[in-house]
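Enquirer: Here it is, the structure in full.
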Amino acid sequence: MKFIVSVKQVPSRDSALKIDGNGTGLDDSDLTYEMNEPDAYALEEALQLKEKLGGELVVVSLGPATVTQTIREALAKGADRAIHIQTERAPSDALAIARLLAKAIASEAPDFVLTGLQSDDLGFGQTGVLLAELLGFPHATIVMEVEPQGDSVRVKRELEDGWFQHVTMPLPVVLTIQSGIKRLRYATLMGIKKAKAKEIRVLQASELDTAGASPTETVRVYLPERSKQLQLLSGDPKQIAHQLVEMLRFEARAI
Amino acid sequence: MSVLVVFEHRAGKWNRMSFEALTAGLNLRDVFGDVYGVAIGHNLGELATEASRYGAQKVFVLDHALVADYTPDGYSLALESLIGQVEPDLVIFPHTYQARDYAPKVAARFGKPLVSDVIGVNGNDKTFVRQLFQGKLNSELKFADGSGFISVQAGAFRAAEPGAQPGAVEPFEVSLDGSQIRSKPEAPFREAQRSVDLNAADVIVSVGRGIKEKENLKVVEELAEALGAELAASRPICDNGWLPMERQVGSSGQTVSPKVYFAVGISGAIQHLVGIKGSKTIVAINKDENAPIFESADYGAVGDLFEIVPALTEEIKKAKA
C-alpha cells in the first residue's frame, strides 16, 4: 500500500500575530512554525495503517524553505520520504493550494491520501475534499476510525450533534482525520538520525503546470472589532441582579 | 444574476442554518439578484413546501432515489446539474459538517473558489469576511472574477422567518446512475442517547470553569430553575463529567439560539462562541474583565459569580412571585 500524508506548516499557536505592511497578510519576520496539529493526527493514523498493512508512506508539504523543518519531523516519526513543493509564499486560497498538491500526489499513484480536517491558520477545511475531486478519488471527512478491507476501506465518520456513521469506499481514497483520536508519537533519537538520510524531493511550484491562478483576492486582514455593544452593569450584586431582571422582563420578555 | 442557497435537512427537519444561509443571500439580493433555494432528497413532500415559506423567490427540488441518503458523489452530481442550468453568480451553503464534506467538490467542478466559514458579507464591494487563526484575525476576500461559492458560519446571520404562505416550488429533473456513487453509507447512529435538546430552550444558563467545583453547580442549577431555563456548560465541565455531554454547548457540542444565554464563569473560547452566536441576548458573568466572552456579550457583570448568581436568583423569584 502507498500512503500519502499532506502536511502543512503553520505559525506556532503561541505566535504573536502581526499584520504585514500591505494589510493583506501576516508579517512573518518573527514567526516560529510547527506542524499543523490536525495533520499530525493524519500522519499518526497513516503511520499506524502502514505498520498494519506494510508499504510506503510519503509526506507532501507546500511552502517556503522553512517547511523542511516540518518535513524532517514527519520523516523522523517514520515517514519514508517526502515531496516539498517549494513556493516563496503559499497561495492564500484553498483551491490554488490543492491544485499544486494534487499535481504532486497524482504521479505517486497512492492507495490512501490522508490529511487533517483543517489548518490552524487559514482554516478553510477544504484541502482533503479538493484533493479527492482533483485526483478523482472518493473521500470521507472527519474520520474517527479506519478499517482497511482489502481493496476497499470502511471508516467511521463524525457527524454533528453526537451522531456517527460508517461509510465504505473503494481504494484509492482521500480521508480527512479528526484530531485527538489517537495519541501522537514522539520522534525517537534513532528516528531523527535516520530521517537525515531520507529523500526530500523538491518541486518548484512555479514549474508545476496547474490550471488557473488563485480564484480569490484578499482585500485586507485585520484585528476583529468588538461586534456587539457591551453594556457593563455596575453596582453591588443586588443592583446588578436588579438590572438584569429589568432586562429579562421588559427587553427579552423572558420572565 | 442570481444566488442559490443550499438547504440542509436531517431526520425530516430543516437544519436552521439553512435559513441563516438564506438570510446571507437575501442580504445580497441588491447586488447578486434573485435568491433561490434548493432542497435535495427523495420524496421530500411537505418539507419542500415548508422550505418555500422562508423568502426565497423559488425553491428547486432535486428529487432522486440516489440522494435519499447523503453521499458526497450523489449530492455533488445533483447540485452540479442544477448549478450548470441556473448559473448563479453566488452559491451559499450553511457551514455544516455535511456541506464541508461536499461543497468544495462542487465548487471545484466549476473551477470556482469556496470561501468557507464566512461570518459577514458586504454587498457594496462584494466581499466576504472570514476568520483566520481560530478567530484571532479576520480576513476580507473577494472572488477574482466576481462569482463563486461561500459557506456561512453557524449564528453569523439571523435565520429568516417563515411566512404564512408557501412560495414557489419547482422540481428539477436529475439523472443519476448508481455506478456514479462510490461510497456506501450506513445508517447514522448515536453512541450516547441524547435527551436534552438545548436548541428548543428560550433561556439557557451555561456554566464554565469559573464554577471551580462540582459541588458549586447548585448555584447555577437554582438560577436555571428560577428562570425555567435549561442548564448547559462549556466543554471542560462536561469533560470533567460534572454535567453530561449532552449539555455541552460549542463546536463539539450543541449550537444554540435562545432568547437569553447566561454565560456564567465562561471565558469564551472561540469553540464555545461558535455555539452561542445565534443567541439574541448574551449575559456574561465573569471575574476577569478581559475574558473574551465580554466581546460577544450584550450585558456583562464583572465580579464574583458566587455573589451575583444567588442575588439574581433571588430577584427573579421575587419578580415572578
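Enquirer: Which of (1) closer than 30 Å to residue B:313 by Cβ; (2) in contact with a Leu (Cβ under 8 Å, 6 or more places away or on another chain); (3) at the interface with chain B (Cβ under 7 Å from one of its Cβ atoms) is the odd one out, the single condition residue A:243 does not satisfy?
Expert: Unmet for residue A:243, out of (1) closer than 30 Å to residue B:313 by Cβ; (2) in contact with a Leu (Cβ under 8 Å, 6 or more places away or on another chain); (3) at the interface with chain B (Cβ under 7 Å from one of its Cβ atoms): (3).
Enquirer: Mind listing whichever residues of the range A:218-238 are surrounded by fewer than 13 Cβ atoms within 10 Å (Cβ to Cβ) and either hydroxyl-bearing (Ser, Thr, Tyr) or more than 7 Å from chain B (Cβ to nearest Cβ) (or both)?
Expert: Of everything in the range A:218-238, those that are surrounded by fewer than 13 Cβ atoms within 10 Å (Cβ to Cβ) and either hydroxyl-bearing (Ser, Thr, Tyr) or more than 7 Å from chain B (Cβ to nearest Cβ) (or both) turn out to be A:225, A:227, A:229, A:234, A:235, A:236.
Enquirer: Going through the range A:78-93 one residue at a time, which ones are in contact with a helix residue (DSSP H, G or I) (Cβ under 6 Å, 6 or more places away or on another chain) and either within 14 Å of chain B (Cβ to nearest Cβ) or of a type in the set (D, E, K, R) (or both)?
Expert: A:91
Enquirer: Can you tell me which condition residue A:90 does not meet? The list is (1) at pLDDT 95 or above; (2) over 30 Å from residue B:199 (Cβ atoms); (3) out of contact with any Lys or Arg (no Cβ under 8 Å at 6 or more places or on another chain); (4) among the aliphatic types (A, V, I, L, M), and all the others hold.
Expert: Of (1) at pLDDT 95 or above; (2) over 30 Å from residue B:199 (Cβ atoms); (3) out of contact with any Lys or Arg (no Cβ under 8 Å at 6 or more places or on another chain); (4) among the aliphatic types (A, V, I, L, M), only one is false for residue A:90: (1).
Enquirer: For residues that are at pLDDT 95 or above and closer than 14 Å to residue B:97 by Cα, tally how many sit in the range B:16-35.
Expert: Of the residues in the range B:16-35, 1 are at pLDDT 95 or above and closer than 14 Å to residue B:97 by Cα.
Enquirer: Identify the residue in the range B:138-183 that is surrounded by 12 or more Cβ atoms within 10 Å (Cβ to Cβ) and without any contact (Cβ under 8 Å) to a residue 24 or more places away in the chain and, among all such residues, is farthest from residue A:24 (Cα to Cα).
Expert: Within the range B:138-183, the match that is farthest from residue A:24 (Cα to Cα) is B:145.
Enquirer: Name the strands (runs of 3 or more DSSP E) wholly within the range B:213-321 that hold at least 3 residues that are aliphatic (A, V, I, L, M)? Give the steps one after another, and end with the answer.
Expert: Numbers: elements: B:230-233, B:260-264, B:281-286, B:299-302.
Result: B:230-233, B:260-264, B:281-286.
Enquirer: From the residues in the range B:197-212 that are more than 12 Å from every other protein chain (Cβ to nearest Cβ) and not in a helix (DSSP H, G or I), which one is farthest from residue A:251 (Cα to Cα)?
Expert: Step one: of the range B:197-212, the residues more than 12 Å from every other protein chain (Cβ to nearest Cβ) are B:200, B:206-212.
Those left that are additionally not in a helix (DSSP H, G or I): B:206-208, B:212.
Numbers: B:206: 20, B:207: 23, B:208: 26, B:212: 31 Å.
Per the criteria, the residue is B:212.
Enquirer: Something else now. Limited to the range A:126-161, what total is found for residues that are among the hydroxyl-bearing types (Ser, Thr, Tyr), more than 7 Å from chain B (Cβ to nearest Cβ) and either under 25 Å from residue A:94 (Cα atoms) or under 19 Å from the mean Cα position of the chain (by Cα) (or both)?
Expert: Taking the range A:126-161 first, the residues among the hydroxyl-bearing types (Ser, Thr, Tyr) are A:127, A:141, A:152.
Next, only the ones that are more than 7 Å from chain B (Cβ to nearest Cβ) stay: A:127, A:152.
Subset that is either under 25 Å from residue A:94 (Cα atoms) or under 19 Å from the mean Cα position of the chain (by Cα) (or both): A:127.
Counting residues in the range A:126-161 that are among the hydroxyl-bearing types (Ser, Thr, Tyr), more than 7 Å from chain B (Cβ to nearest Cβ) and either under 25 Å from residue A:94 (Cα atoms) or under 19 Å from the mean Cα position of the chain (by Cα) (or both) gives 1.
Enquirer: Of all the strands (runs of 3 or more DSSP E) wholly in the range B:91-196, which have at least 1 residues that are within 11 Å of chain A (Cβ to nearest Cβ), farther than 21 Å from residue A:141 by Cα and out of contact with any Ser or Thr (no Cβ under 9 Å at 6 or more places or on another chain)? It would help to see each step written out before you state the result.
Expert: Values: elements: B:114-122, B:127-132, B:137-143, B:148-152, B:168-172.
Once the strands (runs of 3 or more DSSP E) in the range B:91-196 are filtered for at least 1 residues that are within 11 Å of chain A (Cβ to nearest Cβ), farther than 21 Å from residue A:141 by Cα and out of contact with any Ser or Thr (no Cβ under 9 Å at 6 or more places or on another chain), what remains is B:114-122, B:127-132, B:137-143.
Enquirer: Still on this structure, please answer the following. Would you be able to say whether some residue in the range B:263-277 is surrounded by 19 or more Cβ atoms within 10 Å (Cβ to Cβ) and within 10 Å of chain A (Cβ to nearest Cβ)?
Expert: yes
Enquirer: Also, quick follow-up: Of the residues that sit in the range A:201-217 and are outside any strand (DSSP E or B) and not polar (S, T, N, Q), which one is nearest to the other protein chains (Cβ to nearest Cβ)? Even if it seems obvious, please write down each step before you answer.
Expert: Going residue by residue through the range A:201-217, those that are outside any strand (DSSP E or B) are A:205-215.
Now narrow it down to the ones that are not polar (S, T, N, Q): A:205, A:207-209, A:211-213, A:215.
Numbers: A:205: 18, A:207: 21, A:208: 17, A:209: 15, A:211: 7, A:212: 6, A:213: 7, A:215: 4 Å.
Checking each candidate, the answer is A:215.
Enquirer: Now a separate question. Check residue A:120 against each of (1) under 22 Å from residue A:182 (Cβ atoms); (2) within 10 Å of chain B (Cβ to nearest Cβ); (3) modelled with pLDDT of 95 or more and name the one condition it does not meet.
Expert: Just one mismatch for residue A:120, condition (3).
Enquirer: I would also like to ask the following. Before we move on, is residue B:40 under 23 Å from residue A:164 (Cα atoms) and either aliphatic (A, V, I, L, M) or in a helix (DSSP H, G or I) (or both)?
Expert: So residue B:40 fits the description; yes.
The values are calculated or read from the model by the stated rules, or taken from the named source; none is laboratory data. Model, not experiment: these values are computed from the prediction. Reconstructed Cβ throughout: ideal geometry from the backbone, glycine too, with neighbour counts over all protein chains shown.
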